[in-house]
Amino acid sequence: MPPTYPTEVTMDVHLGPDELMAGMRHDALHGLGTRPRELPPTWFYDNVGCRLFDAITELEEYYPTRAERAILLAHGDEIAKASQADTFIELGSGTSDKTRHLLDAMLQLGQLERYVPFDVAEPTLRQAADQLVNEYPGLVVHGVVGDFRPPDLIRLGFAPLQLTLGDVDEAMDRLATILATGAWERWQHAPRPVVT
């Protein structure tokens, strides 16, 4: 039996109660003052909203989750091999259910070291991270709770089909800066010797 290493979840929370209220206030003032009126779906994803969304994804009428899962099942090995990545960063990770297909493929290739889920829903993110460290002993899981839209937050509950192109461009610019500067790569996230 291969050795296992202590596993822990670390979490950066960039979207606390004050930031949530500021973000919601900004979105309400901006969105309800425009034509057509709009509110981003980000505000649906509290504890109840996350559970509701998970239930919706199981409905016969809701095909995107099944289609994404089928793609990852069919092509996860190819994706993992082509990426040559040891770190998986997932934007809008939610429960990380589909993620496991790609994590499994990375593990089979011996390249899985870190998983960095980004989401707006802290309780859902924490629960998913705790489950993953139990399922993948030795995996470094570092969650990030945040928002990438104004007012100068880093919200990465990322749903490009539900955002403007400007929001997507700004989010990608911020993510590129994080990755280019290595801001996410602190000692707490250093790889363990092996993931079993």
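The values are calculated or read from the model by the stated rules, or taken from the named source; none is laboratory data. On a predicted model such as this, the values are computed, not experimentally measured, just so you know. When we count neighbours, we look across all protein chains shown, and the Cβ atoms used for this are built from the backbone with ideal geometry, even at glycine.
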Assess whether residue 82 counts as being part of a helix (DSSP H, G or I), small (Gly, Ala, Ser) and out of contact with any helix residue (DSSP H, G or I) (no Cβ under 7 Å at 6 or more places or on another chain).
yes
What residue, of 112, 163, 156, is modelled with pLDDT of 80 or more, closer than 25 Å to residue 71 by Cα and crowded, with 17+ Cβ neighbours inside 10 Å?
112
In this structure, does residue 68 turn out to be surrounded by fewer than 18 Cβ atoms within 10 Å (Cβ to Cβ) and touching a Lys or Arg at 6+ places or on another chain (Cβ under 8 Å)?
yes
Count - residues of segment 30-51 that are among the charged types (D, E, K, R) and either assigned to a helix (DSSP H, G or I) or modelled with pLDDT under 85 (or both):
3
Keeping to segment 96-109, report how many residues are under 24 Å from residue 172 (Cβ atoms) and either surrounded by fewer than 21 Cβ atoms within 10 Å (Cβ to Cβ) or modelled with pLDDT under 90 (or both).
2
Out of 90, 68, which single residue is charged (D, E, K, R), at pLDDT below 90 and not in a helix (DSSP H, G or I)?
90
